[in-house]
Amino acid sequence: MAPLLEIKDLHASVGDKEILKGINLTVNAGEVHAIMGPNGSGKSTLAQVIAGHPAYTVTGGEIRYLDQDLTDMDPEERAQAGVFLAFQYPVEIPGVTNAYFLRSAYNEIRKARGLEEVDPIDFVDLLEEKLKVVEWGPDIMQRAVNSGFSGGEKKRNEILQMAVLEPKLALLDETDSGLDIDALRIVANGVNALKRPDNAYVVVTHYQRLLNHIVPDFVHVLADGQIVKSGGKELALELESKGYEWLTGVAEATAS
Amino acid sequence: MSESVETLVNREYKWGFVTDIEADTLPPGLNEDVIRAISAKKQEPAFLLEWRLKAYRGWLKMTEPHWPNVQYPSIDYQKIVYYSAPRTQKPLGSLDEVDPKIRETYDKLGIPLTEQKILSGVAVDAVFDSVSVGTTYKKHLAEMGIIFCSFSEAVREHPELVQKYLGTVVPGSDNFFAALNSAVFSDGSFVYVPKGVRCPMDLSTYFRINAQNTGQFERTLIIADEGASVSYLEGCTAPRRDENQLHAAVVELVALEGATIKYSTVQNWYAGDEDGKGGIYNFVTKRGKCAGPRAKISWTQVETGSAITWKYPSVILQGDDSVGEFYSVAVVNGRQQADTGTKMVHLGRNTRSTIVSKGISAGAGQNSYRGLVKVMPRADGARNYTQCDSMLIGNRCGAHTFPYIDVQNRTAAVEHEASTSKIGEDQIFYLKQRGLNTENAISMIVNGFCKEVFRELPMEFAVEAQKLLGISLEGSVG
Ligand SMILES: Nc1ncnc2c1ncn2[C@@H]1O[C@H](COP(=O)(O)OP(=O)(O)O)[C@@H](O)[C@H]1O
Ligand SMILES: [Mg+2]
């Protein structure tokens with residue numbers, strides 16, 4: 001079977017500035033990959049490029065997803081094909097309820113797959129199950145999408161969306177940052193509950209503490225737009241004690 | 001912006017067709033004889049002709065105002081046709097007598113003129129060019145003492161009511177365009193709801209400009225007597241033509257003690273093409289008076305059309321404890337310009353007003369909010385809350401806010417909040433990442449932005465407004 005995601009020598013820039021400088025990464029169904037690395041090394045850029053953010057131009061290499069060329073597809077087509085990005089900074093959509101937003105997204109994806117749309121009443125039943133994943137009551141669904149949500153609530157909302165949309169490839173960009181212990185446990189449990197043999201996770205994180213809950217099969221270190229080291233879960237522990245300097249030769253950048 | 005966004009094309013204005021009907025039209029130009037001719041055609045009583053002439057003489061001394069933040073070539077008032085009516089042999093007795101071509105036009109517009117559609121519960125008055133072509137549901141309303149008819153008919157059948165209230169809110173001398181309207185207005189709608197009666201259905205008027213070079217000058221007068229209540233809906237479209245057409249309407253609302261009037265507009269006049277050619281100049285005076293205690297007047301407007309929109313639906317809060325509301329969505333795209341807002345004039349004690357304005361600018365559109373909150377010395381305990389939000393789509397458009405606050409009473413509380421946001425690439429990307437295409441993403445963001453206004457609209461109108469918004473913003477992000 002073809003890998004879920006296969007990235008070869010990927011280069012990407014913003015304007016004239018090259019940010020990704022030759023990334024190679026293969027992710028198979030059933031795997032969890034952690035991506036670590038100093039601030040500003042290109043972790044978010046990698047996730048955004050996979051999802052198709054228009055600010056970035058792919059200048060070389062390829063991204064294949066289930067043997068399709070992802071770079072040819074619009075962001076919504078990628079989403080409809082099962083690519084999901086949990087944003088580092090989820091966006092607020094004032095005036096649009098979480099329920100309406102999630103149902104629209106769910107139905108758009110179903111439509112694209114030739115399935116029938118789900119009406120609001122059936123969707124409530126479906127939601128009830130999914131809300132359990134993030135230990136939330138139904139009230140959250142009547143609030144406007146991420147509007148006035150705390151940092152932790154926004155991250156939990158990303159996981160809720162992931163639970164509803166059931167992606168094949170989930171990219172989690174620092175979903176653990178800024179979470180207290182409880183929220184971290186909820187987010188991690190959510191991911192573990194949704195893990196299946198036919199889907200895969202790419203988890204961008206700074207902290208070992210998340211990886212205590214979501215155990216990665218592979219850990220990659222990204223520095224200055226390249227993967228400078230890959231290993232098993234023990235690499236994360238090593239990074240925790242030693243920092244990144246021994247790999248990058250430079251102090252951690254201050255930009256993020 | 002991404003390519004998929006850029007390749008979205010502007011959908012054609014689908015209401016832009018012209019109906020070919022025989023019309024009874026006065027030659028272009030304006031003088032006292034034209035006014036006499038209009039009045040004679042409509043068999044008006046002497047008081048009305050006098051009233052028109054007085055307004056006309058006042059208008060001659062006025063100059064066209066240029067303070068709004070809009071730009072257009074000067075209007076030649078002698079080139080405008082002031083009266084154009086579909087030719088009919090005799091006064092219309094029933095709906096079946098309406099010219100089938102006009103019926104067809106309204107069918108195309110989706111207006112429920114036919115009896116079966118009347119069952120859907122909206123009473124409709126339709127104004128085609130200058131005259132009203134049919135008022136539905138009249139009998140049922142008449143049993144409750146509610147008068148809902150064309151203005152001309154009200155002049156014939158209820159001259160005492162017209163004489164008593166006409167010009168009491170917007171005098172013939174009020175402003176340049178109101179004076180012009182007072183001199184030449186041809187038709188419009190009239191509503192009277194008697195004491196204590198709650199009008200059981202929404203009353204609705206559709207305005208349609210068809211003839212070429214015709215100005216549309218309707219006059220609407222709505223009176224809710226003590227304790228009465230009524231909800232009134234107004235919708236408008238026009239054919240697409242290369243030359244600009246002037247629409248200078250006047251709407252007067254009178255709410256007596258304890259009465260409520262809710263007035264909703266979805267305005268979708270032709271906006272001109274992408275180069276700014278053609279389109280309606282919508283210069284309208286709308287004002288309501290809460291004449292007695294505890295009266296309430298609420299304006300809700302969704303303005304998506306017109307080349308230029310210039311209007312300030314206002315409320316004079318004369319009665320103690322009276323309430324004025326203004327909920328507005330104004331959208332400009334292409335080369336549209338809008339200068340719109342409201343005036344809330346607090347005269348009575350404990351009067352309250354709420355203003356919620358949502359301006360959306362796209363393309364090269366220019367959108368200005370202009371609002372006045374005035375609290376007079378006697379208005380103890382007056383309160384106003386104003387929220388004024390602007391949304392920008394793209395880099396070529398503009399949003400401007402001109403709030404004027406004039407408080408002459410120390411016990412008054414006036415609160416103003418304003419915000420400007422930009423539909424960002426990140427917001428759109430977020431929704432696309434969840435599977436929505438660009439159009440749906442923009443529509444969702446914009447509808448969310450307008451939510452506080454849409455929820456004030458009657459259900460059917462709200463759905464229509466949401467669709468219109470989607471259409472008028474199509475292709476706007478690029
Ligand atoms: N949209 C953008 N415009 C300009 N520079 C960007 C943009 N996105 C990322 N960058 C730059 O690219 C580099 C990598 O950023 P990012 O991918 O966010 O790093 P990380 O997620 O690893 O902290 C940084 O120097 C950042 O400033
Ligand atoms: Mg990042």
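Would you confirm, using the coordinates I've provided, whether A:Pro75 is within 26 Å of A:Asn157 (Cα to Cα), free of Cβ contacts under 8 Å to residues at least 40 places away in the same chain and in contact with a helix residue (DSSP H, G or I) (Cβ under 7 Å, 6 or more places away or on another chain)? It is true that A:Pro75 is within 26 Å of A:Asn157 (Cα to Cα), free of Cβ contacts under 8 Å to residues at least 40 places away in the same chain and in contact with a helix residue (DSSP H, G or I) (Cβ under 7 Å, 6 or more places away or on another chain). When the helices (runs of 4 or more DSSP H) confined to the stretch A:138-256 are screened for residues that are closer than 25 Å to A:Glu76 by Cβ and within 16 Å of ligand 1 (Cβ to nearest atom), those reaching at least 1 such residues are found at A:151-165.
Out of the residues in the stretch B:380-431 meeting the condition of being out of contact with any strand residue (DSSP E or B) (no Cβ under 6 Å at 6 or more places or on another chain) and at pLDDT below 90, tell me which one is most open to solvent (accessible area, probe 1.4 Å). Here the answer is B:Arg396.
Considering (1) modelled with pLDDT of 95 or more; (2) within 16 Å of ligand 2 (Cβ to nearest atom), the lone condition that A:His11 does not fulfil carries the number (2).
Conditions (1) small (Gly, Ala, Ser); (2) at pLDDT 95 or above; (3) within 26 Å of B:Leu256 (Cα to Cα), marked per residue:
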{"position": "B:Gly188", "(1), (2), (3)": "yes, no, yes"}
{"position": "B:Tyr192", "(1), (2), (3)": "no, yes, yes"}
{"position": "B:Lys195", "(1), (2), (3)": "no, yes, yes"}
{"position": "B:Met201", "(1), (2), (3)": "no, no, yes"}
{"position": "B:Ser204", "(1), (2), (3)": "yes, no, yes"}
{"position": "B:Arg208", "(1), (2), (3)": "no, no, no"}
{"position": "B:Asn213", "(1), (2), (3)": "no, no, no"}
{"position": "B:Leu221", "(1), (2), (3)": "no, yes, yes"}
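Residues considered: A:Ala34, A:Ala47. Of these, the only one that is more than 12 Å from A:Asp224 (Cα to Cα) and within 13 Å of ligand 2 (Cβ to nearest atom) is A:Ala47. Just one of the listed residues (B:Tyr430, B:Tyr404) is free of Cβ contacts under 8 Å to residues at least 40 places away in the same chain and part of a strand (DSSP E or B), and it is B:Tyr404.
Among B:Leu457, B:Leu431, which is hydrophobic (A, V, I, L, M, F, W, C) and more than 10 Å from chain A (Cβ to nearest Cβ)? Full working, then the answer.
Numbers: B:Leu431 fails: more than 10 Å from chain A (Cβ to nearest Cβ).
One residue alone meets the criteria, B:Leu457.
Residue count for the stretch A:89-102 satisfying the condition of being open to solvent by 30 Å² or more (accessible area, probe 1.4 Å) and more than 7 Å from chain B (Cβ to nearest Cβ): 3. Of the residues screened, A:Leu10 is one that is free of Cβ contacts under 8 Å to residues at least 60 places away in the same chain, within 16 Å of ligand 1 (Cβ to nearest atom), under 27 Å from A:Ser177 (Cα atoms) and more than 14 Å from chain B (Cβ to nearest Cβ). The set of residues from the stretch A:103-138 being within 14 Å of chain B (Cβ to nearest Cβ) and in contact (Cβ under 8 Å) with a residue 40 or more places away in the chain comprises A:Ala105, A:Tyr106, A:Ile109. Within the set A:Ala200, A:Ala170, A:Ala236, the sole residue that is more than 14 Å from chain B (Cβ to nearest Cβ), away from ligand 2 (no atom under 15 Å from the Cβ), modelled with pLDDT of 95 or more and open to solvent by less than 20 Å² (accessible area, probe 1.4 Å) turns out to be A:Ala200. Scanning the stretch A:17-76 for residues being within 16 Å of ligand 1 (Cβ to nearest atom) and either in a strand (DSSP E or B) or not aliphatic (A, V, I, L, M) (or both) gives a total of 31. Within the stretch B:341-352, residues that are over 14 Å from B:Asp406 (Cα atoms) sit with their Cβ atoms under 9 Å from residues that are among the charged types (D, E, K, R) and buried (at least 24 other Cβ atoms within 10 Å of the Cβ), at 6+ positions apart or across chains, in these pairs: B:Gly341/B:Lys311. Note on the stretch A:69-82: residues that are open to solvent by 50 Å² or more (accessible area, probe 1.4 Å), in contact with a strand residue (DSSP E or B) (Cβ under 8 Å, 6 or more places away or on another chain) and either within 12 Å of chain B (Cβ to nearest Cβ) or not polar (S, T, N, Q) (or both) total 1.
Residue count for the stretch B:32-73 under the criterion of being farther than 30 Å from B:Arg156 by Cα and open to solvent by 100 Å² or more (accessible area, probe 1.4 Å): the result is 5. Within the stretch A:45-68, residues that are more than 12 Å from chain B (Cβ to nearest Cβ) reach partners that are among the polar types (S, T, N, Q) with beta carbons closer than 6 Å, at six or more positions or on different chains, in the pairs A:Val58/A:Thr71; A:Thr59/A:Ser13; A:Ile63/A:Thr71.
Residue count for the stretch A:27-59 satisfying the condition of being open to solvent by less than 20 Å² (accessible area, probe 1.4 Å), in contact with a strand residue (DSSP E or B) (Cβ under 7 Å, 6 or more places away or on another chain) and small (Gly, Ala, Ser): 6. A:Ala47 meets the conditions (1) at pLDDT 95 or above; (2) over 20 Å from A:Phe218 (Cβ atoms) in every case but one. The failed one is (2).
Contact map, the stretch B:135-164: first residue touching a residue at least 60 places away in the same chain (Cβ under 8 Å), second residue of a type in the set (D, E, K, R), Cβ cut-off under 6 Å, separation 6 or more or different chains; pairs are B:Phe151/B:Asp187; B:Phe151/B:Arg219; B:Ser152/B:Lys42; B:Ser152/B:Asp187; B:Val155/B:Glu44.
The values are calculated or read from the model by the stated rules, or taken from the named source; none is laboratory data. Predicted model only: the values in this text are computed from it and were never measured. Here the Cβ is made from the backbone with ideal geometry for all residues, glycine too, and neighbour counts use every protein chain on show. Keep in mind that these areas ignore ligands, DNA and RNA; they rest on the heavy atoms of the full protein, side chains included. Shrake-Rupley method; radii C 1.70, N 1.55, O 1.52, S 1.80 Å.
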